[in-house]
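Here is the structure we will look at.
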């Protein structure tokens, strides 16, 4: 590599080496590093053009008097860099700090009186960089710094003052051990929903769970997907992470559903019969659910628009307030969805913005503004859906509070958005669409993983004053007692894979971890939301300490907590500042694990073409099951009715529930258990590494929500979990 490219690799945070999941050193090829620079927009194939590009970047920085953003820790002095020409260094400048509460602190300075830290010659003019110290007491929050010469504003910068750590509820900090349920909301069956779990189901679930001792219900990502493409149903490949999936709206709870016109339509279209069929499906029929929900919501919206939104009503004022608060992000989503709807109706390819007609392939295009104006009613319809979804989610959150849950709802933030998403369409500069994030080879994915999610460019994120990440944290913590951050390592580094390359040929790109952790802590404190970081996979040990110091809770999965001799660590040895769980959405259920159903399924869908590899996996599973039995018996978590010999033990209710109560005796502050395991289900909700081979993200629960807590065995399990957690709290 040339010296210029080597310098760029270092300055852009592309790592040349790392330690893999097995603790061995690994290197990144020069070819990969050059490709990642190319994905970032560098003209790596033209040395002369690259030199000009780099020089322009340096000039741009020196001609900007202030950095776009600065994050200050709670105990840091207010010191920032100021760049001015040598002629201006001795002139009077006014610094104004616009505090978040509206107050303004003003100071007169001469840059030359402060510490000189750098000098450069830019376009035949000498520039100096000074470290300016201001005696302004900044409260925690978001502030703005401006520098003026006379009445002319030269530059402005965002100043973010952040707390020491994330929010932790008092009772948990004092040692209380709690448990809760995790659920994929779309999986929930009920006698009244429309073929998919919804926010009314969620409100009932938190009430029932809370009445039986649970302190939280954890959700899959409930981000907005694609109304015009309902089969794109992975919650981890959303269109927008800031907004909610409209399919979770309970249509019958939307005002005007009881309108006579809507009722007549409902009867004429025989909607009851359609809903009966959708409820009976064992897998969510996303096409069917979306068709009936969108049709019904259109009917409801037309009545609501006529009765309220076309008049000066309190409802119209509330709607407009919601839209104004949502800002450009919400408007972008609504326009995107209205446009996608139109293209689909015309029979055109519309899975995402890369296949939109050129005039519509970016939100800022004039044709898009024209479309939005001409189709204002359809845009308002999609704005209305987000409003109703937010209101119903907030109602479910209130139901959790009313049930006495100490945390209530906890949400899951996906690591990115899919390539064709509204989020990228509205902010293309931020994303590197010639790359995708994933993971290097590890225990979960020996070949590496490519998730098809374009990464944010760390430099562009910085230049945008971190606003996209602030909005993400804030919106996902709203009305939630906790937030799980999927692949929390994204705050430190992400594995980038260049378009078309194998996942194993990627490389790590670093992110401004200290700044991002500070912003996370600020939003966590503001929203009173505990933070859980999913820290599985290739994770440097030092980052775990950094996350813990920042008040974040680690993620501990029983099946991965294994010693070198094969034995499983007792949950009493897990860090207190963690959430323990038996399985996850990417793993088999307890029955599936014990009976090796996941290995059989993997063979059926082509994940294990090598018979020897599969045989070894079966042997390892057999050994692990014996170790698990040894652990359970050693801690008296199961009775002597269950044999000590794995060859004699199938999965039973006693063993299933015994494993769950075994976890409840552990030291982790939080324990999350999957509702599927309460119901003794065998089929997984997702098989990683598959797309069409298995119906991922569709499998429903085996029983109606109304019947689950009427089961004496389940009620007894919940009571035992609560008792065990109480004992653990007092130890």
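Key figures
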item: Set of the stretch 692-731 residues, backbone N closer than 19 Å to the point 7 Å along the Cα-Cβ line of residue 281; result: 692-705
item: Computed E for residue 30/residue 569 - FRET, C-beta separation, R0 51 angstrom, nearest 0.05; result: 0.80
item: Helix-derived mean residue ellipticity, 222 nm - over the chain, DSSP H n ≥ 4, -39500 (n - 2.57), to 500; result: -12000 deg cm²/dmol
item: Additional length obtainable on full extension of the chain from residue 1 to residue 603, 0.36 nm per residue less Cα span; result: 212.4 nm
item: Antiparallel DSSP beta bridges within the chain, percent to nearest 5; result: 60
item: Contact order normalised by residue count of the chain, Cα under 8 Å, 6+ apart, percent; result: 16
item: Relative exposure of 598, 201, 20, judged by other C-beta atoms within 10 Å (fewest first); result: 20, 598, 201
item: Packing-based exposure ordering (other Cβ within 10 Å, fewest first) of 72, 4, 219; result: 4, 72, 219
item: Convex hull volume of the stretch 512-666 per residue (C-alpha atoms, cubic angstrom); result: 155
item: Estimated distance in nm for a label pair at residue 342 and residue 647, the labels positioned 7 Å out from Cα along Cα-to-Cβ; result: 7.0
item: The stretch 121-216, relative contact order in percent, only Cα pairs under 8 angstrom and at least six apart counted; result: 17
item: Centroid-to-centroid separation of the stretch 499-524 and the stretch 354-374 [C-alpha atoms, Å]; result: 31
item: Label corresponding to Kirkwood radius over Cα pairs in Å when calculated from the structure given, among (1) 28.9; (2) 28.0; (3) 29.8; result: (2)
item: Calculated FRET efficiency for the pair residue 110/residue 462, C-beta based, R₀ 30 Å, to 0.05; result: 0.60
item: Mean-position separation - Cα centroids, the stretch 100-154 and the stretch 174-206, in angstrom; result: 51
item: Burial ordering of 114, 622, fewest other beta-carbon atoms within 10 Å first; result: 622, 114
item: Stretchable slack from residue 309 to residue 702, in nm (0.36 nm times residue separation minus alpha-carbon distance); result: 137.4 nm
item: Förster radius 22 Å - calculated FRET efficiency between residue 118 and residue 10, Cβ distance, rounded to 0.05; result: 0.75
item: Separation of the residue 693 and residue 273 label points, Cα + 7 Å toward Cβ, nm; result: 4.0
item: Relative contact order [Cα under 8 Å, 6+ residues apart], the stretch 217-395, whole percent; result: 24
item: Cα centroid separation, the stretch 48-84 to the stretch 436-471 (Å); result: 24
item: Gyration tensor verdict on the stretch 10-161 (Cα atoms; rounded if a/c is under 1.5, prolate if a/b is larger than b/c, oblate otherwise); result: oblate
item: Inter-label distance for residue 618 and residue 731, nm, one decimal - labels placed 7 Å from Cα along Cα-to-Cβ; result: 3.8
item: Gyration tensor verdict on the stretch 664-715 (Cα atoms; rounded if a/c is under 1.5, prolate if a/b is larger than b/c, oblate otherwise); result: oblate
item: Alpha carbon convex hull of the stretch 217-395, projected area averaged over orientations, nm²; result: 11.3
item: The stretch 75-161: equivalent-ellipsoid semi-axes (sqrt of 5 x gyration tensor eigenvalues, Cα, Å); result: 24, 14, 11
item: Anisotropy class of the stretch 400-464 from Cα gyration tensor, a/c 1.5 cut; result: oblate
item: Contour excess over end-to-end distance, with Cα ends at residue 633 and residue 298 and 0.36 nm allotted per residue; result: 114.8 nm
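Since every read-out is calculated from the coordinates, none of them should be taken as a lab result. Not measured: the values here are computed from a predicted model. Don't worry about glycine lacking a Cβ; one is built from the backbone with ideal geometry, like all the others, and counts go over all protein chains shown.
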